[in-house]
1. Can you confirm whether L142 is outside any loop (DSSP other than H, G, I, E, B), at pLDDT 95 or above, surrounded by 17 or more Cβ atoms within 10 Å (Cβ to Cβ) and more than 13 Å from the ligand (Cβ to nearest atom)?
2. Just need a number here: residues in region 118-132 that are away from the ligand (no atom under 11 Å from the Cβ) and buried (at least 16 other Cβ atoms within 10 Å of the Cβ).
3. For region 68-81, does any single residue satisfy the condition of being within 14 Å of the ligand (Cβ to nearest atom) and either assigned to a loop (DSSP other than H, G, I, E, B) or surrounded by fewer than 21 Cβ atoms within 10 Å (Cβ to Cβ) (or both)?
4. Do you know which residues across region 82-109 are within 11 Å of the ligand (Cβ to nearest atom) and hydrophobic (A, V, I, L, M, F, W, C)?
5. What's the number of the only condition in (1) within 11 Å of the ligand (Cβ to nearest atom); (2) at pLDDT 95 or above that G160 fails to meet?
6. Just checking, which of L57, L130 is over 15 Å from the mean Cα position of the chain (by Cα), modelled with pLDDT under 95 and among the hydrophobic types (A, V, I, L, M, F, W, C)?
7. Taking into account only those residues within region 85-127 that are of a type in the set (S, T, N, Q) and in a helix (DSSP H, G or I), which is farthest from the chain's Cα centre (by Cα)?
Amino acid sequence: MGLYATVMGGITEYTGLSPAAFFTILAMMAVVYKLVSGMFVAAGDYVAVKKANAYALREPVQLGENVTEEQLRGYDGSDPEKPLLMAIKGQIYDVSRSRMFYGPGGPYALFAGRDASRALALMSFDPRDLTGNIEGLNASELEVLQDWEYKFMEKYVKVGQLVGARKQTETEGAENGNKIQEDKQIEDNGAQQPPTSVCQ
Ligand code: HEM
């Protein structure tokens, strides 16, 4: 008890503040310190961040128009020296800049090194849908896929094409998009849409 009273008395004597005010200011300083220090990266982490950025920003490697599915699998992120690739409708995109999505441990890592057209159209994580086969999809599913394709065309560099994939020009894509839109208006019966808006 004597010690407690001495400390409290000391605080008032040396700072001119009441103990309550002193500890409140101390707590506020701790919060500010936490906030400000959180804005900086530790030296070691900084090097790692720079390396990852340099990797993502390097010039995409063009693979040509006859890439096999086996070859594409080699770009699934398991080799950190190779770019991360993903295909939609046979068109291969370099998605290395979104390593946090598609890299190992990322929420969409299963799509890397694959043509994920069916999974994206159906908004499905079922491994059986990890294929470029889009047979049997309805108009609204094709529209979802089309939106994904536009997003990828806009965001990522196209680096190749899977064997047998049909080359699609941007105008052609837009025409298809309109066609799908019309079909959808005819077919749409108010069915609930998958959560594409949160992702696209
Ligand atoms: C309710 C469930 C879901 C939520 C809350 C969600 C949320 C998100 C968010 C916040 C992003 C980041 C968007 C951005 O910053 O650009 C994202 C990206 C993405 N989502 Fe989802 N998502 C969900 C379901 C799905 C499903 C079912 C799929 C496909 C099967 C999917 C595929 C993707 C893909 C491919 C990306 C990355 C797009 C890119 O490369 O920019 N998501 N998602």
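The values are calculated or read from the model by the stated rules, or taken from the named source; none is laboratory data. Predicted, not measured: the structure shown is a model, and the values here were computed from it. Backbone-built Cβ (ideal geometry, glycine too); neighbour counts: all protein chains shown.
1. On the way: outside any loop (DSSP other than H, G, I, E, B): yes; at pLDDT 95 or above: yes; surrounded by 17 or more Cβ atoms within 10 Å (Cβ to Cβ): yes; more than 13 Å from the ligand (Cβ to nearest atom): yes.
Taking the combined requirement at face value, the residue satisfies it.
2. 1
3. yes
4. L84, M86, I88, V95, M100, F101, A109
5. Answer for G160: the failing condition is (1).
6. It is L57.
7. S117
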